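Everything on this sheet refers to the single structure shown next.
The values are calculated or read from the model by the stated rules, or taken from the named source; none is laboratory data. All figures in this text were calculated on a predicted structure; none of them were measured in a lab. Glycine gets a Cβ as well: all are built from the backbone with ideal geometry, and neighbour counts include every protein chain shown.
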Amino acid sequence: MAPGATLLIDGSSLAYRAYHAIPTILAPDGRTETNAVYGFLGFLSRLIPDRKPSRLWVALDADWRPAFRVEALPAYKSHRVAAEGDPPDPVEPQIPMIVEMLDAVGISTARAEGFEAEDAISALARIADGPVEIVTGDRDLFALVRDPKVTVLYTLRGVSDLAKVDQAWIHEKYRIPGDRYMDYAILRGDPSDGLPGVAGIGEKTASELLRKYGSLDAILAATDLSPTIRAKLRRSADYLVGARRVVAMADECPVEGGSGELPAEPRQQEKLKELTARYGLSGAVDRLLGALRLASAAA
């Protein structure tokens, strides 16, 4: 990574990855699960010396299902809304614990009221000086990839095996122009977000259309589409309008958070000691502080 790069971490995505990568760990109280916290801190301990960022933010959801996206497409993430009788989400209680630890250490978080973490990431990437690397397990953020400024480090397994996603990687993987992942996602759909896609247009047809015409706008404007494809697009006209509003990231949202500077020493020593003891995370915290000191010495 080039000197002066900004590192943006998708906090929720990495917390879930960490939870599933680490066997259950309980705090000293014998009840509180801490494996997502442990895994997240461990990931930072490896990531910071590996990527050597000049600035780092952990982006968080202020609203995981914003009203403006639901208004545009009511199905957006509707399948994730908990129903009565559903078991509680085991990761959700650990995210505030991660934020507590980060605040005590002095690692910056970022969020935008009424928006998702991906919007905060998009906004920070837009204004960043120099190159940006985004760490996530969410393919939605491939839409931000732009050579040479913005690259995604995509978690393949757990939180340690990362693919470096640039426009060439997207082209090789999906056979589409490397800056057109958003158009591809709209056309083929994304069940994980409740996006149905254009009925009758799957991954293969979506990639073929984008290879031929270059963009969704060009596809819709084309005069030589087959009658079958044209009819499918016409039937999904309302979906296409809504999906554009849902999938496009709000890169001008009002982000709140710290400066992104990496601390050489914990910002809140006593608070960090108390949290470390409460959650039984002395090893994970020591490794993170060691990584930060090395980064400070190398700066």
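Points to keep in mind about this one:
- Residue in region 197-214 that is within 28 Å of residue 112 (Cα to Cα), among the small types (Gly, Ala, Ser), surrounded by 15 or more Cβ atoms within 10 Å (Cβ to Cβ) and at pLDDT 95 or above present: yes
- Selection count, region 126-136, where residues are surrounded by fewer than 22 Cβ atoms within 10 Å (Cβ to Cβ) and either touching a strand residue (DSSP E or B) at 6+ places or on another chain (Cβ under 6 Å) or part of a loop (DSSP other than H, G, I, E, B) (or both): 4
- Pairs with Cβ under 9 Å, 6+ apart, first in region 117-136 and at positive phi, second modelled with pLDDT of 95 or more: 130/6; 130/149
- In summary, residue 164 fulfils each of the numbered conditions (1) touching a Ser or Thr at 6+ places or on another chain (Cβ under 9 Å); (2) of a type in the set (Lys, Arg); (3) surrounded by 21 or more Cβ atoms within 10 Å (Cβ to Cβ) with the single exception of condition (3).
- One residue alone among 250, 291, 277 is small (Gly, Ala, Ser), modelled with pLDDT of 95 or more and in a loop (DSSP other than H, G, I, E, B), and that residue is 250.
- Matching option when the condition is acidic (Asp, Glu), over 17 Å from residue 285 (Cα atoms) and at pLDDT below 95, among 50, 10: 50
- Residues of region 151-178 satisfying the condition of being of a type in the set (A, V, I, L, M), in a loop (DSSP other than H, G, I, E, B) and at pLDDT below 95: 159
Let's see how each residue does on (1) buried (at least 19 other Cβ atoms within 10 Å of the Cβ); (2) outside any helix (DSSP H, G or I):
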position	(1), (2)
12	yes, no
20	no, no
42	yes, no
47	yes, no
65	no, yes
68	no, no
